[in-house]
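FYI, it's all coordinate maths here, none of it is from the lab. Everything numeric in this text was worked out from a predicted model, so none of it was measured. Positions of Cβ are generated from backbone atoms using ideal geometry, with glycine treated the same way; all protein chains shown enter the neighbour counts.
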Amino acid sequence: MAKRKILITGGAGFIGSHVVRLFVNNYPDYDIYNLDFLTYAGNLENLKDIESAKNYTFIHADICNQDQLKDAFERHRFDSIIHLAAESHVDRSISDPLAFVHTNILGTVNLLNLARDHWAERKNENLFYHISTDEVYGSLEDGSVFLESTPYDPQSPYSASKASSDHFVRAYNNTYNLPVVISNCSNNYGPNQFPEKLIPLCINNIKNRQPLPIYGKGENIRDWLYVEDHARAIDTIFHNGKVGETYNVGGFNEWKNIDVVRLLCSIMDEKMGRTPGDSEHLIKFVKDRAGHDFRYAIDATKLKMELGWNPSLQFGEGLEKTVDWYLQNEDWLEHITSGSYRQYYLKQYEI
Ligand code: NAD
Ligand code: DAU
C-alpha cells in the first residue's frame with residue numbers, strides 16, 4: 001500500500017496541535033502535513049517538540065485562498081484530510097460574524113472542492129474528516145441530551161457557520177460521493193488552549209489576581225472533555241469510523257460555569273500556596289453573552305459502543321494537569337497575552 005499522506009488543517013491551534021502530535025508520534029509511517037494560516041489562535045510554539053520529526057511538514061496557507069490550497073494539493077497529493085481550521089470563539093463571532101462565514105463556510109467548501117477534484121478516481125484510503133461541535137444542535141433546557149439524530153438548531157453566528165459547514169460536507173457526500181465522516185464534540189480543555197476561552201482565561205487571571213468574569217449568573221452548563229481524549233477519539237474515528245456517519249464526542253461531564261471556576265480557584269489556591277478561598281474573591285458577575293446557550297450535553301454512546309472509545313480522565317484530574325501546564329509554561333502564556341490579545345481583552349470586558 002502507498003504511504004499515507006494526511007493533511008491536517010488548523011494544526012497549530014489548540015485541538016489541532018494535540019491531533020498533529022498524536023499522529024506524528026503514533027504513525028511514523030504516515031506523512032503528516034499541518035496546513036495553518038497562523039491567525040491569532042495559531043501558534044507554532046505548540047508543536048516545538050515534534051517540528052523536526054521526519055514525517056512532519058508545516059504548510060503556511062489560508063483555506064480561503066484557493067490558489068494556495070491547489071498548490072498544496074498538487075505538490076503533496078494528500079490522500080485524506082482531517083479538517084480543524086476554523087474561527088472558534090463564540091464571543092468573536094458575535095462581534096465579527098463575517099470572519100466566521102469566510103473561514104468556516106467558504107474555507108471548508110474550498111477544501112471540499114479540492115478533495116472532490118483530486119479524488120475523482122477514489123481510492124480506499126480517501127477520507128474527508130470534518131471536525132465539528134455540539135453547538136450545532138442548539139441549547140438544552142431540560143434533562144435531554146444531544147444525539148447524532150438531534151435536529152440542527154444553531155443559535156450563535158459561530159454555531160451557524162459550523163452547522164453550515166457540516167451541511168456542505170454531507171451534501172458533498174450525497175452529491176459527489178465524496179467519502180466523509182463528521183464528529184461533533186463538546187467543550188475541550190487542556191494545555192495550549194488560547195486564553196480567550198473560560199478555563200485558561202480564569203487560570204491566567206487567578207494567577208495574576210485579576211477579576212474572573214462570569215457571564216450572567218454562572219448557571220450555564222457545559223460538558224467538558226480533556227483535549228487529549230478528543231485527539232484519541234479523532235484517531236479512532238479516522239481509522240475505524242464508517243464513511244457517511246456522524247459521531248458525537250463528549251466527556252459525560254456536565255458542570256455549571258460557576259462550579260468550574262470555583263473548582264479552579266481551589267486547585268490554584270493549593271498549588272500557589274494561597275489561603276483556601278482566597279481566589280474565589282476574584283469572581284465577578286458581568287453582562288451576559290448575547291443569546292447565551294444555556295446547556296450542552298453530548299451523548300457519546302455510539303462512539304463508545306461501536307468504536308470502543310472512552311474518556312480517560314476525571315475532570316478534577318484533567319483540570320490539575322491543565323493548571324500545572326499553564327503554571328509551567330509562563331512564557332507561552334506571556335507571548336500570546338501581550339500584543340493584539342490585550343486589545344481584544346480590554347474591548348470584550350469593557351475595561
Ligand atoms: P483554535 O481557535 O484554537 O485553532 C484554530 C486554528 O485554525 C488556528 O491554528 C488557526 O491559525 C487556524 N486557522 C484559522 N483560520 C484559518 C484559515 N483561514 N486557514 C488556515 N488555518 C486557519 O480552535 P480549536 O479550539 O482548536 O478548535 C479546532 C476545531 O475544533 C474547530 O473546527 C472547532 O470548531 C472545533 N471544536 C472545538 C471545540 C473546543 O472546545 N475548542 C469543541 C468542538 C469542536
Ligand atoms: O461546545 C463546544 C464549543 O465549546 C466549541 O465548539 C467552541 O469552539 C469553544 O469555544 C466552546 O464554546 P463555549 O462558548 O462553550 O466556550 P467558552 O470557553 O467561550 O465559554 C464556556 C462557558 O463559559 C460559556 O457558557 C460562556 C462562559 N464564559 C466564557 C467566557 C470567555 C464566561 O462566563 N465568561 C467568560 O469570560
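Worth pointing out:
- Shape category assigned to the range 281-351 from the gyration tensor of Cα positions, a/c cut at 1.5: oblate
- The gain in end-to-end length when the Glu245 to Glu270 segment is fully stretched comes to 4.5 nm, 0.36 nm per residue minus the alpha carbon separation.
- Our summary gives the range 227-351 a relative contact order of 33 percent, counting only alpha carbon pairs under 8 angstrom and 6 or more residues apart.
- When both bridge partners sit in the chain, DSSP labels roughly 10% of those beta bridges antiparallel.
- Most mobile of Pro151, Pro213, Pro179 in a GNM of the chain (Cα contacts under 10 Å): Pro151
- Karplus-derived 3J(HN,Hα), 6.51/-1.76/1.60, for each residue of the range 344-351, Hz, glycine and proline x: 4, 4, 4, 6, 4, 9, 6, 8
- Our coupling estimate for the range 97-104, obtained by passing each phi through the Karplus curve with A = 6.51, B = -1.76, C = 1.60 and θ = phi - 60°, is x, 5, 4, 6, 5, 4, 6, 6 Hz, Gly and Pro reported as x.
- Cα centroids of the range 149-175 and the range 304-330: 28 Å apart.
- The range 1-67 shape via C-alpha gyration tensor axes, a/c threshold 1.5: oblate
- Projecting label points 7 angstrom from Cα along Cα→Cβ for Gln348 and Lys256 puts them 2.4 nm apart.
- Exposure rule at most 13 other beta-carbon atoms within 10 Å, DSSP loop trypsin sites (Lys or Arg not before Pro): the chain longest free segment: 124-208
- Along the axis of the charge dipole computed for the range 99-163 (Cβ charges of +1 for Lys and Arg, -1 for Asp and Glu, origin at the Cα centre), the listed residues Gly138, Ala99, Gln155 are led at the positive end by Ala99.
- Its relative contact order, with pairs defined as Cα atoms under 8 Å and 6+ residues apart, puts the range 56-171 at 32 percent.
- For the range 108-126 versus the range 17-45, the inter-centroid distance based on Cα atoms is 21 Å.
- A compact globular protein would have a Cα radius of gyration near 2.2 N^0.38 Å; the ratio found for the range 207-351 is 1.23.
- Summarising the amide proton neighbourhood of Tyr215: residues at separation of 5 or more, or on other chains, whose placed amide H is nearer than 5 Å comprise Val286.
- Taking the chain and dividing mean pair separation by its residue count, relative contact order in percent (alpha carbons under 8 Å, at least six apart): 17 percent
- Annotation: amide H of His89 has no partner in the under-5 Å range at sequence separation 5 or more or interchain, hydrogens built in the peptide plane.
- Think of each Lys and Arg Cβ as +1 and each Asp and Glu Cβ as -1; about the Cα centre, that makes the dipole of the range 209-287 roughly 360 debye.
- Positive-end residue of Asn126, Ser165, Gly244, charge dipole of the chain with Cβ unit charges: Asn126
- Amide H contacts under 5 Å for Thr133, placed H, 5+ residues apart: Cys185
- For the range 37-96, the residue among Gly42, Ala86, Ile59 whose Cα projects farthest onto the positive side of the dipole built from Cβ charges is Ile59.
- Cα-based shape type of the range 36-115, given that a ≥ b ≥ c are square roots of the gyration tensor eigenvalues and the cut on a/c is 1.5: oblate
- Shape index of the chain: Rg/Rh, with Rg the Cα radius of gyration and Rh the Kirkwood radius from the inverse mean 1/r over Cα pairs, equals 0.95.
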